[in-house]
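This report refers to the structure that appears directly beneath it.
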Amino acid sequence: MTIEVRNIVKQYGAFKALDNVDLRVADGELLALLGPSGSGKTSLLRIIAGLDWPDAGEVSFDGENALARGAGERHVGFVFQHYALFRHMSVFENVAFGLRVQPRAVRKSEAQIRARVKELLDLVQLDWLANRYPSQLSGGQRQRIALARALAIEPRILLLDEPFGALDAKVRKELRQWLRTLHEEIHVTSIFVTHDQEEALEVANRVVVMDKGKIEQIGTPGDVYDNPATAFVHSFIGESIVLPVDVSGGQVKLGHRPLNIDAGGAVGPSKLFVRRHDMQIGPVGEGALEGTVRRVRTFGPIQRADIALSGDDTLVEIDAPRDRPLTAGDAISLQPRRYRIFAGQE
Amino acid sequence: MTITIINSPVTVERAQSVARQDLHTEPWLVRGIIIGVAVMFLTVFVVLPLILVFSEALSKGVGFYLAALADSEALSAIWLTLITAVISVSLNLVFGVAAAWAVAKFEFRGKTLLVTLIDLPFSVSPVISGLVFVLLFGAQGFFGPWLMSHGINILFAVPAIVLATTFVTFPFVARELIPLMQEQGSQEEEAAISLGASGWRTFVVVTLPNIKWGLLYGVLLCNARAMGEFGAVSVVSGHIRGETNTMPLLVEILYNEYQLVASFAIASLLALLALLTLIAKTILEGQIEEGQLPRDD
Ligand SMILES: Nc1ncnc2c1ncn2[C@@H]1O[C@H](COP(=O)(O)OP(=O)(O)O)[C@@H](O)[C@H]1O
Ligand SMILES: [Mg+2]
């Protein structure tokens with residue numbers, strides 16, 4: 001099933017939570033929706049699920065207007081950030097819920113329902129918890145039950161709203177892998193919301209980056225990391241060194257120091273973005289920037305150094321391989337291997 | 001300027017542990033006095049009156065007591081009280097759930113006003129509540145002439161008693177449910193709807209089980225008040241013997257006529273109701289707490 005979202009606007013009072021959002025999700029795709037908290041991810045998901053209505057715009061599934069249908073008729077599986085399991089029902093009854101409320105004409109027999117629930121609990125590897133209540137489960141188990149419950153109705157679309165947001169790092173990592181594998185098995189069109197860039201890049205084939213109710217960039221994980229379309233994407237995905245520069249007559253200046261690098265079309269006050277590992281360290285006089293090493297830490301294959309830039313003593317953090325040992329007090333030069341300059345100081 | 005840090009963490013900790021010690025080494029005399037005062041207060045104001053009610057009711061023997069309760073006026077008052085309670089509690093059950101649902105699960109204009117209105121019966125004297133109905137349905141009242149010309153009796157009859165009781169007891173259910181439902185949010189309902197359940201089904205199998213103990217608690221308090229209400233009912237009842245006297249009204253009438261045993265016999269029933277309510281309330285409070293316990297996220 002394809003999902004098509006066109007020019008969606010959602011307002012709360014005068015505040016635009018979604019501002020002209022356009023999005024297409026291909027059949028069977030697992031798409032990650034990535035953005036900081038408050039960027040409108042949940043609002044968009046709720047509109048697709050039919051739990052909220054947009055102020056303007058269209059949503060269609062396989063070319064058919066979805067806004068004409070209520071949430072119950074869209075066959076969308078929704079996994080909530082805080083699980084939303086039915087607290088007074090056992091795990092079994094939670095998963096069976098969607099099957100039990102089907103109209104009589106299509107409802108399965110009790111035996112069929114039992115078999116299907118068993119199958120789903122096996123799928124999420126929690127069949128041994130069938131008789132427990134939600135309050136007796138760990139966070140990770142609850143979220144897997146919530147997923148099984150959403151899958152019970154054989155949804156045409158699966159929406160996951162920060163499903164692993166409330167879990168600790170180790171469990172998140174396991175579930176991420178597990179979700180990937182699960183998606184390869186069942187291939188339902190899915191949107192996975194997260195504010196964790198690593199999670200988005202690891203789980204999805206395509207990533208949509210949102211900020212302030214707008215889509216900033218859509219691309220593969222490699223794309224958004226290597227070729228960020230906007231300053232926001234560059235600073236949100238992967239860690240970057242950001243320096244305020246001024247571009248005039250094709251010349252890039254940091255303070256009064258010309259950097260001798262290409263401005264790439266930016267004019268006026270701009271920002272220079274460089275990934276931490278894209279700074280080449282060299283002897284003084286051989287790079288665009290110069291500075292003094294303040295502090296060095298080593299982890300595994302890299303060393304991370306705080307460098308105070310000459311001039312105004314701005315501190316930048318860089319990652320360098322360990323084959324060129326750095327010590328506090330060294331005077332060095334820095335040359336960005338790859339960088340981007342975005343106009344504007346905001 | 002120099003700043004001296006006096007409250008270093010160590011000193012604070014010391015101060016706290018000293019305070020804690022003090023609590024435990026409070027002289028036993030002081031503790032004894034405080035507990036004694038509390039117990040004495042409860043005895044004089046709560047236990048003693050209760051005992052007096054029962055001892056007065058039984059002062060001429062069980063036979064007299066039972067005869068007083070079997071009196072036709074007494075039976076009619078008990079019956080009227082039960083009917084009134086059943087109707088007004090049922091109405092408030094429906095209104096209360098609806099109001100709490102609207103307030104807790106939806107955003108709309110005028111919500112604060114609605115919440116204030118729900119509390120109105122608590123902030124108005126019951127006598128005033130009764131007078132409102134006199135002004136509405138009395139002979140000179142707003143609807144009075146129309147009702148009279150159609151031969152409908154509301155004031156000084158059962159309908160007014162039910163209406164006044166319903167009005168006075170309205171807040172119990174709603175006030176109990178609003179914070180409960182607000183705390184629970186509407187995510188479970190949304191999950192149910194998106195799994196294909198109808199609105200009614202969602203209410204019955206998802207919402208209702210989540211609020212059942214709170215709801216029962218509200219109904220219990222509502223019922224206790226409905227049966228015990230005096231002020232508002234007194235204004236609208238008309239005190240027609242054997243017809244429009246509820247139990248609390250009859251207690252007063254008999255007392256004024258110096259029929260002390262009969263008066264206290266009826267009063268003992270109300271006291272019994274209060275005791276039962278208290279016990280049920282304690283049990284329910286335990287259930288509500290249990291239902292809310294294990295939420296670790
Ligand atoms: N019911 C609501 N009423 C008012 N503002 C809301 C409501 N829901 C969301 N918002 C606002 O809309 C913005 C986007 O919210 P949301 O979609 O939840 O963001 P995200 O899921 O990306 O954190 C936020 O600034 C939030 O405060
Ligand atoms: Mg959200």
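Among the residues that make up the range B:185-193, is at least one of them more than 9 Å from chain A (Cβ to nearest Cβ), open to solvent by 10 Å² or more (accessible area, probe 1.4 Å), part of a helix (DSSP H, G or I) and among the β-branched types (Val, Ile, Thr)?
no
Give the residue that is nearest to A:Gly311 (Cα to Cα), with candidates limited to residues of the range A:201-211 that are modelled with pLDDT of 90 or more and surrounded by fewer than 23 Cβ atoms within 10 Å (Cβ to Cβ).
Within the range A:201-211, the match that is nearest to A:Gly311 (Cα to Cα) is A:Asp211.
In the range A:205-220, what count of residues is obtained for those that are without any contact (Cβ under 8 Å) to a residue 24 or more places away in the chain and either within 16 Å of ligand 2 (Cβ to nearest atom) or not in a strand (DSSP E or B) (or both)?
1
When you check B:Asn210 against the structure, is it in a helix (DSSP H, G or I) and at the interface with chain A (Cβ under 10 Å from one of its Cβ atoms), yes or no?
Judged against the criteria, B:Asn210 is a match.
Only one of (1) part of a helix (DSSP H, G or I); (2) away from chain A (no Cβ under 14 Å); (3) crowded, with 17+ Cβ neighbours inside 10 Å is not met by B:Asn245, so which one is it?
(1)
When you scan the range A:50-78, how many residues do you find that are within 16 Å of ligand 2 (Cβ to nearest atom) and within 9 Å of chain B (Cβ to nearest Cβ)?
2
Suppose we filter A:Asp62, A:Asp55 for residues that are farther than 30 Å from A:Gln177 by Cα and open to solvent by 80 Å² or more (accessible area, probe 1.4 Å); which single one remains?
Checking each option against the conditions leaves just A:Asp55.
Exactly one of these conditions fails for A:Glu154: (1) within 14 Å of chain B (Cβ to nearest Cβ); (2) surrounded by 15 or more Cβ atoms within 10 Å (Cβ to Cβ); (3) acidic (Asp, Glu). Give me its number.
If we test A:Glu154 against (1) within 14 Å of chain B (Cβ to nearest Cβ); (2) surrounded by 15 or more Cβ atoms within 10 Å (Cβ to Cβ); (3) acidic (Asp, Glu), just (2) comes out false.
Being assigned to a helix (DSSP H, G or I), touching a helix residue (DSSP H, G or I) at 6+ places or on another chain (Cβ under 9 Å) and open to solvent by less than 80 Å² (accessible area, probe 1.4 Å) is the filter here, so list the residues in the range A:161-178 that pass it.
A:Val171, A:Arg172, A:Leu175, A:Arg176, A:Trp178
Filter the range A:124-151 down to the residues that are in a loop (DSSP other than H, G, I, E, B) and open to solvent by 50 Å² or more (accessible area, probe 1.4 Å), then identify the one that is modelled with the lowest pLDDT.
A:Gln125
Which of the residues that make up the range B:156-176 are over 26 Å from B:Trp213 (Cα atoms) and buried (at least 24 other Cβ atoms within 10 Å of the Cβ)?
Once the filter is applied, which keeps residues that are over 26 Å from B:Trp213 (Cα atoms) and buried (at least 24 other Cβ atoms within 10 Å of the Cβ), the range B:156-176 yields B:Ala160, B:Ile161, B:Leu163, B:Ala164.
Scan the range A:98-107 and tell me whether some residue there is modelled with pLDDT of 95 or more, within 26 Å of A:Thr194 (Cα to Cα) and either open to solvent by less than 20 Å² (accessible area, probe 1.4 Å) or within 14 Å of chain B (Cβ to nearest Cβ) (or both).
Scanning the range A:98-107, I find at least one residue that is modelled with pLDDT of 95 or more, within 26 Å of A:Thr194 (Cα to Cα) and either open to solvent by less than 20 Å² (accessible area, probe 1.4 Å) or within 14 Å of chain B (Cβ to nearest Cβ) (or both), so the answer is yes.
Is there a residue in the range A:110-123 that is more than 9 Å from chain B (Cβ to nearest Cβ) and not in a helix (DSSP H, G or I)?
No, the range A:110-123 has no match at all.
Cβ-Cβ under 8 Å, sequence separation 6+ or interchain: first residue in the range A:13-26 and of a type in the set (Gly, Ala, Ser), partner surrounded by 14 or more Cβ atoms within 10 Å (Cβ to Cβ) and part of a strand (DSSP E or B). Which pairs?
From residues that are of a type in the set (Gly, Ala, Ser), the pairs are A:Ala17/A:Lys10; A:Ala17/A:Gln11; A:Ala26/A:Thr189.
Give all pairs with beta carbons closer than 9 Å in which a residue from the range A:35-48 that is touching a residue at least 24 places away in the same chain (Cβ under 8 Å) meets a residue that is of a type in the set (S, T, N, Q); count only pairs at least 6 apart in sequence or on separate chains.
Final answer for the pair search is A:Gly35/A:Thr194; A:Lys41/A:Thr194; A:Thr42/A:Gln81.
Among (1) at pLDDT 95 or above; (2) more than 16 Å from ligand 1 (Cβ to nearest atom), which single condition is A:Gly28 missing?
(1) is the only condition that A:Gly28 fails.
Go through the range A:148-164 and give me each residue that's under 16 Å from A:Val203 (Cα atoms) and either more than 16 Å from ligand 2 (Cβ to nearest atom) or touching an Asp or Glu at 6+ places or on another chain (Cβ under 8 Å) (or both).
Of everything in the range A:148-164, those that are under 16 Å from A:Val203 (Cα atoms) and either more than 16 Å from ligand 2 (Cβ to nearest atom) or touching an Asp or Glu at 6+ places or on another chain (Cβ under 8 Å) (or both) turn out to be A:Leu158, A:Phe164.
Kindly provide the set of residues from the range A:174-198 that are within 16 Å of ligand 2 (Cβ to nearest atom) and modelled with pLDDT of 90 or more, ordered by number.
A:Ile191, A:Phe192, A:Val193, A:Thr194 - these are the residues of the range A:174-198 that are within 16 Å of ligand 2 (Cβ to nearest atom) and modelled with pLDDT of 90 or more.
Suppose we filter A:Lys214, A:Lys271 for residues that are within 16 Å of the chain's Cα centre (by Cα), open to solvent by 10 Å² or more (accessible area, probe 1.4 Å) and among the basic types (Lys, Arg); which single one remains?
The match here is A:Lys214.
The values are calculated or read from the model by the stated rules, or taken from the named source; none is laboratory data. This one's a predicted model, so the numbers in the text were calculated from it and none came from an experiment. Because the Cβ atoms are built from the backbone with ideal geometry, glycine has one as well, and the counts that use them run over all protein chains shown. SASA here: full protein model, heavy atoms, side chains in, ligands and nucleic acids out. Shrake-Rupley method; radii C 1.70, N 1.55, O 1.52, S 1.80 Å.
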